[in-house]
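Q: Before anything else, here's the structure in question.
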Amino acid sequence: MAEKKKELPRKVVADNRRARFDFEIGEVFEAGIALSGTEVKSLREGRATVAESYVSAKTGEAILYNSFIPEYLQANRFNHEPRRPRKLLLQKRQIARLWQAVEREGMTVVPLKIYFNEQGRAKIEIAVARGRKAHDKREALKEKDWARDKQRLMRDRG
């Protein structure tokens, strides 16, 4: 009988909860992030934000801008720049699909969360999204409240 290797659960480091409210989320992609050693150590401490960040294309590459990964305190002079642009590791076909949606349909690419997968690698979940207007946001809130009330009623009744 072979011993099973212990799998680590996915550890979410940074979550962009505001994106699901401000945007209608379309297709979701998982991408790797090109990070330096001190960035990985800082991420493992769980102190990153992707709330104001966005993804853009530069010469056929996907780049994550304005994400904040704070400096790792024990690294002193070997630290990284907290808001530097970071390359996203995607296949060429995926990048082409992302930018076709952005150019043709007027959508945008937003990061949803940064996490460590089962193998311990840092990944980012990005999505093609369309911005919501104020009345769409109010409608989404109403639907969310009704779903919550419906769950509460079903739980109390059953």
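Q: Considering amide H positions built from the backbone, and no H for Pro or chain starts, which residues 5 or more places from Leu112, or on another chain, come under 5 Å of its amide H?
A: Here Glu125, Ile126, Ala127 satisfy the definition.
Q: Non-local amide H neighbours of Glu27 (under 5 Å, H modeled in plane, Pro and chain starts lacking H): which ones?
A: The list, which skips near neighbours in sequence, is Val128.
Q: Compute the relative contact order of the range 11-132 as a whole-number percentage, counting only Cα pairs closer than 8 Å that sit 6 or more residues apart in sequence.
A: The value is 38 percent.
Q: So if we plug the beta-carbon distance of Asn117 and Glu139 into 1/(1 + (r/R0)^6) with R0 = 25 Å, what FRET efficiency do we get, rounded to 0.05?
A: The formula returns an efficiency of 0.15 here.
Q: Kindly flag which residue pairs out of Lys11/Lys87; Lys11/Lys133; Lys58/Lys123; Lys41/Lys144; Lys123/Lys144; Lys113/Lys144 have an alpha-carbon separation exceeding 30 Å in this structure.
A: Lys11/Lys133; Lys41/Lys144, as the Cα separations exceed 30 Å there.
Q: Let me ask something additional. Which angle from 0 to 90°, rounded to the nearest 10, does the C-alpha axis of helix 134-157 make with the longest principal axis of the chain?
A: Helix 134-157 sits roughly 70 degrees off the main axis of the chain.
Q: Using only Cα atoms, tell me the angle between helix 92-105 and the longest principal axis of the chain; keep it within 0 to 90° and round to the nearest 10.
A: Here the helix axis deviates by roughly 40 degrees.
Q: Under the Karplus relation 6.51 cos²θ - 1.76 cosθ + 1.60, θ = phi - 60°, what is the ordered set of whole-Hz ³J(HN,Hα) values for the range 56-62, x standing for Gly and Pro?
A: In residue order, the calculated couplings are 9, 9, 9, 6, x, 10, 8 Hz.
Q: Separation of the range 13-28 and the range 71-126 by C-alpha centroid, Å?
A: If you average the Cα positions of each part, the centres end up 14 Å apart.
Q: Under the Karplus relation 6.51 cos²θ - 1.76 cosθ + 1.60, θ = phi - 60°, what is the ordered set of whole-Hz ³J(HN,Hα) values for the range 72-85, x standing for Gly and Pro?
A: 7, 4, 7, 8, 5, 7, 8, 6, 9, 7, x, 10, 6, x
Q: If you don't mind, another one. Got a sec to turn the phi values of the range 19-32 into Karplus ³J(HN,Hα) couplings, 6.51 cos²θ - 1.76 cosθ + 1.60 with θ = phi - 60°, whole Hz, x for Gly and Pro?
A: 4, 5, 8, 7, 10, 8, 7, x, 6, 10, 10, 10, 10, x
Each reported figure results from applying straightforward, stated rules to the coordinates on display, with no laboratory input. Not measured: the values here are computed from a predicted model. We place every Cβ from the backbone using ideal geometry, glycine too, and count neighbours over all the protein chains shown.
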